[in-house]
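The values are calculated or read from the model by the stated rules, or taken from the named source; none is laboratory data. None of these values were measured; they are calculated from a predicted model. Ideal geometry is used to build each Cβ from the backbone, glycine not excepted, and the neighbour counts take in all protein chains shown. Accessible surface areas use protein heavy atoms only, side chains included; no ligands, DNA or RNA. Shrake-Rupley method; radii C 1.70, N 1.55, O 1.52, S 1.80 Å.
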Amino acid sequence: MEPLDNYNLATGNSAQRAPAYLEVDVGGYNTEQVIPIVKHQLVKVGRNGKECQLVLTNPSISSIHCVFWCVFFDEDSIPMFYVKDCSLNGTYLNGLLLKRDKTYLLKDSDVIELSQGSRENDSKKTQLVFMINDDLQSSLDPKLLDQMGFLREVDQWEITNRIVGNGTFGHVLITHNSKERKDDACYHPENYAVKIIKLKPNKFDKEARILLKLDHPNIIKVYHTFCDRNNHLYIFQDLIPGGDLFSYLAKGDCLTSMSETESLLIVFQILQALNYLHDQDIVHRDLKLDNILLCTPEPCTRIVLADFGIAKDLNSNKERMHTVVGTPEYCAPEVGFRANRKAYQSFSRAATLEQRGYDSKCDLWSLGVITHIMLTGISPFYGDGSERSIIQNAKVGKLNFDLKQWDVVSDNAKSFVKDLLRTDVVKRLNSKQSLKHIWIEKHLSQLERLYYKKILCNNEGPKLETMALDWKRKLPKSVVISQAIPKKKKVLE
Ligand SMILES: Nc1ncnc2c1ncn2[C@@H]1O[C@H](COP(=O)(O)OP(=O)(O)OP(=O)(O)O)[C@@H](O)[C@H]1O
């Protein structure tokens, strides 16, 4: 039997108290070793002794063969557990090959096989059995869909009772595409997400209309929409499995900062998305940490903008916007939130006030707030946390770069934040100007290389050949794109 190093492996009860764990079997025998899967910790399996929690020396195993993690939407919800294949020789889930760099949702008792050698090698075969803690398992409600009045099936989409997230307006659930399963029997079927919103009778939904028009790697991809007899609108979309940026930064009961490099890569991607949206006269209007989703909860991952619930398509009406919408903490002062909410108290989230209106630059203010938080862990206008103080502070727009959290941040990054958080809209950068800011421009070649080569090609998501031509044109000449598509393999009995 190949040696199995005990890197961070737990045994017995401590691991079984984790929300989920992996049991390690080698050559068909249970080794009694278990790897807990807990919040904020990736579990890597492979040959790399420095990075992996479970180190395997079998040569057919890749340096990092596969990665496991869990995502908690909030403390009350049942977490989602995922596995991502990063190997050369393939990872199998219940006997079916996973697509390389794709992420799959796990369920209790799933068996993950790391190599499928010949029969003589069966004694070396490592299997991981995924187990969910009994308490969590029993809280999954099989009648959830009926209770909520949601359909179980819409065309080829099968809707499950597993909730990915909840918002003010919608529930987001896991769904499968049965047609895909029939078309591709060798691969494990993928999971998708469906956002279900209750519409007011006879109202059409702007979110679905806007999303169906969009096609960008940093914007949530929508495949299909459907409205049932109860005015529930179903928006079928990609499942983005790394959780949102808020959860990624939240450790304990406060937000933490991330390195300048990691922040820059996220800012660059958000700007790609904003540039694309604003070029088409679409304004997001609710950009915040919670609406930025990560493909994997680790640095250098693709990020995706979600929740276009209050986005505005200015194509139908080229005027400036006047509706007070968004989230005060991220909201530009010109949008018109008032410290005295009486002015629009009768409306849930929106009101039209007498004012000069605002334009797409409100999204850049929100990006300024997001960048400030990523670099320092501090929300710039938070004050005492009350809506009144946030709105008042944002109106004044005073930033404090003397705080010790800024000591490790470059002057260029500070200048970027300052140029986005300008209360004077005319002086605030737009998305094109932001992409030319010295903080971005100085690192542009590295950013583009990482973006096109690593984030778009190796990270799950659109491959370059499927993307629009204007995206291809931006590819720097020096970058060689490696198409990491594994050969199709037969399903083993
Ligand atoms: N495609 C997706 N993949 C994975 N998670 C998702 C997806 N869409 C939404 N979520 C999760 O569900 C949560 C709620 O979704 P969303 O923000 O779209 O709903 P909402 O009702 O419009 O929310 P809000 O209260 O912010 O307006 C998100 O914060 C996110 O964590």
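I'd like to know if the range 221-230 contains one or more residues that are open to solvent by less than 10 Å² (accessible area, probe 1.4 Å) and touching a residue at least 60 places away in the same chain (Cβ under 8 Å).
no
What are the pairs with Cβ atoms under 7 angstrom where one residue, in the range 376-390, is under 14 Å from residue 366 (Cβ atoms) and the other, located anywhere, is of a type in the set (Asp, Glu) and surrounded by 16 or more Cβ atoms within 10 Å (Cβ to Cβ)? Sequence gap at least six, or different chains.
As it stands, the answer is 379/329; 390/329, since those pairs meet every condition given.
Among the candidates 244, 215, single out the residue that is within 16 Å of the ligand (Cβ to nearest atom), within 29 Å of residue 454 (Cα to Cα) and out of contact with any strand residue (DSSP E or B) (no Cβ under 9 Å at 6 or more places or on another chain).
Testing whether each residue is within 16 Å of the ligand (Cβ to nearest atom), within 29 Å of residue 454 (Cα to Cα) and out of contact with any strand residue (DSSP E or B) (no Cβ under 9 Å at 6 or more places or on another chain) leaves just 215.
Can residue 308 be described as in contact with a helix residue (DSSP H, G or I) (Cβ under 7 Å, 6 or more places away or on another chain), touching a residue at least 60 places away in the same chain (Cβ under 8 Å) and of a type in the set (Phe, Trp, Tyr)?
Yes, satisfied.
Of the residues that make up the range 16-37, is at least one at pLDDT 80 or above, surrounded by 15 or more Cβ atoms within 10 Å (Cβ to Cβ) and within 16 Å of residue 298 (Cα to Cα)?
Yes, because at least one residue in the range 16-37 is at pLDDT 80 or above, surrounded by 15 or more Cβ atoms within 10 Å (Cβ to Cβ) and within 16 Å of residue 298 (Cα to Cα).
Are there any pairs, at least 6 apart or on different chains, whose C-beta atoms fall under 8 Å, with the first in the range 444-457 and among the hydroxyl-bearing types (Ser, Thr, Tyr) and the second assigned to a helix (DSSP H, G or I), and if so, which?
So the pair list comes out as 451/265; 451/268; 451/269; 451/272; 452/464.
Which one of the conditions (1) open to solvent by 40 Å² or more (accessible area, probe 1.4 Å); (2) touching a Pro at 6+ places or on another chain (Cβ under 8 Å) does residue 217 fail to meet, given that it meets all the rest?
(1)
All but one of (1) at pLDDT below 80; (2) open to solvent by 10 Å² or more (accessible area, probe 1.4 Å); (3) on the phi < 0 side of the Ramachandran plot hold for residue 380; state the number of the condition that does not hold.
(1)
I'd like the full set of residues that are among the hydrophobic types (A, V, I, L, M, F, W, C) and out of contact with any strand residue (DSSP E or B) (no Cβ under 8 Å at 6 or more places or on another chain), limited to the range 247-270.
Within the range 247-270, 250, 254, 255, 258, 264, 265, 267, 268 qualify.
Name the residues in the range 202-237 that are touching a Gly at 6+ places or on another chain (Cβ under 8 Å) and among the charged types (D, E, K, R), would you?
Passing the criteria: only 207.
Sort out which residues of the range 169-197 are open to solvent by 40 Å² or more (accessible area, probe 1.4 Å) and at pLDDT 80 or above, and write them in order of number.
Passing the criteria: 171, 176, 179.
Mind counting the residues in the range 243-264 that are within 14 Å of the chain's Cα centre (by Cα) and either under 28 Å from residue 441 (Cβ atoms) or free of Cβ contacts under 8 Å to residues at least 40 places away in the same chain (or both)?
Counting residues in the range 243-264 that are within 14 Å of the chain's Cα centre (by Cα) and either under 28 Å from residue 441 (Cβ atoms) or free of Cβ contacts under 8 Å to residues at least 40 places away in the same chain (or both) gives 3.
In the range 150-168, which residues are open to solvent by 30 Å² or more (accessible area, probe 1.4 Å) and in a strand (DSSP E or B)?
Within the range 150-168, 153, 158, 161, 162, 163, 164, 166 qualify.
If you take the residues in the range 299-319 that are within 22 Å of residue 103 (Cα to Cα) and outside any loop (DSSP other than H, G, I, E, B), which one is nearest to the ligand (Cβ to nearest atom)?
Among those residues, the one meeting the criterion is 304.
Considering only helices (runs of 4 or more DSSP H) fully contained in the range 396-467, which possess at least 3 residues that are modelled with pLDDT of 95 or more, among the β-branched types (Val, Ile, Thr) and open to solvent by less than 20 Å² (accessible area, probe 1.4 Å)?
Ranges flagged: none.
Which residues, taken from the range 75-92, are touching a residue at least 12 places away in the same chain (Cβ under 8 Å) and either part of a strand (DSSP E or B) or open to solvent by 10 Å² or more (accessible area, probe 1.4 Å) (or both)?
77, 78, 80, 81, 82, 83, 84, 85, 86, 88, 89, 92
Being touching a residue at least 40 places away in the same chain (Cβ under 8 Å) and either among the aliphatic types (A, V, I, L, M) or farther than 16 Å from residue 367 by Cβ (or both) is the filter here, so list the residues in the range 391-407 that pass it.
391, 392, 394, 395, 405
Given the residues 261, 296, 327, which is the only one that is within 15 Å of the ligand (Cβ to nearest atom), among the hydroxyl-bearing types (Ser, Thr, Tyr) and either open to solvent by 10 Å² or more (accessible area, probe 1.4 Å) or modelled with pLDDT under 90 (or both)?
The conditions single out 327.
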